[in-house]
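Okay, so here's the structure we're looking at.
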Amino acid sequence: MARRLLLGLAQTAGVVLLVFALTEALPGDAAVALAGDDPDPARIAAIREALHLDRPAHERLADWAAGLLHGDLGVSLASGRPVTDALAAGSGPTLLLAALTLVPLVPLGVGLGVLAARHEGGPVDRAVSAVTLAVYAMPEFALGILLVTVLALRLDWLPPTAVGYGTDLLAHPAVLVLPVLVLLSRPVCSLGRLVRAGMTEALASPYVAQARRYGVPGARVRWAHALPNAVAPAAQQLARTADWLLCGVVVVEALFAIPGLGTVLVDAVAARDVPVVQGLAVVFGLVAVVLNLGADLVARRFAPRAGVAA
């Protein structure tokens, strides 16, 4: 745990440096974007001075890093409000979508994997593998458009987007059905295929064969002996899925007009609002580090020998 924590701190520091370097390399100028329809050089120079954009990069990096250590992500160039306000405004819908996706993800993914492994090589296994592979190969935007066309426009069962429903999405649960279906589709397939591969290997292992010789019931063999070793690699996949749900659902939020963190990031990039982009990127990187750290510890708990070997 100590080694993983130190590695996580080093990764976080690397994320901070990388985010600052990449935003510095972005084309364009925030002062020019803020000048709007009056791109007068004097006005642009005044904006750069007011926003401290005329200072050397290393000084701005030092000030920004010092603020991060105190929880200060900076101030938006577009709105003049703290970046944490933008995070707070977009975090609710994103966290709601992530929670509604993760709750059914684990039982569905594990159940599909165990079902396919139990009938390895049979019609059920081939059907599950074919369907999961086909759904996984379909991009989110293509699946979203297909679902909107069929379920919203033709059948009129569900609203196509969240436009006109505000930010309180729980008050209109029908709005969440299509986004959650799209978000759930690929993670279920990848998790199920990983569990299926792990279960197939575990069920063919000597310790499972020995348990069967001792007369251990088949259900206990599958769930108590084989599954813990099969879900160890799936834990990392689940962490990557949670990271993607919290930080990378830009396409889905844009497609269904969900006012989440992905939408905030897209708007900030369009407005050349560098502090918001930097703050969101650092938070996203920190979330990824924490989730993968937790996944490593969970995988070690389920398969201690694998963790030692790693």
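Coordinate-derived values only; no laboratory data. Treat the numbers as computed from the prediction; the structure is a model and nothing was measured. Every residue, glycine among them, receives a Cβ derived from its backbone with ideal geometry; neighbour counts consider all protein chains shown.
Descriptive notes on the structure:
- Of (i) 22.1, 69; (ii) 23.8, 85; (iii) 19.0, 62, the label for Rg and Dmax of the Cα atoms in Å derived from the coordinates: (ii)
- Spin-label model, Asp85 to Leu108: label points 7 Å out along the Cα-to-beta-carbon direction sit 3.8 nm apart.
- Other residues within the sphere of radius under 13 Å centred on the Cβ of Ala162, judged by their own Cβ, net out at -2 (K and R +1, D and E -1).
- Near Val75, the amide H atoms lying under 5 Å from its own belong to Val83; only residues 5 or more places off or on other chains count, and H is placed 1.01 Å from N.
- Taking Ala242, Ala271, Ala42 in turn, the Gaussian network model of the chain (Cα-Cα springs below 10 Å) assigns the largest fluctuation to Ala42.
- Calculated mean residue ellipticity at 222 nm for the chain: -23500 deg cm²/dmol, from DSSP H runs with n ≥ 4 weighted as -39500 (n - 2.57), summed, divided by the residue count and rounded to 500.
- Computed over segment 92-258, Kirkwood Rh from alpha-carbon pairs, angstrom: 17.3
- Leu6/Ala99 FRET efficiency (R0 35 Å; Cβ-Cβ; nearest 0.05): 0.70
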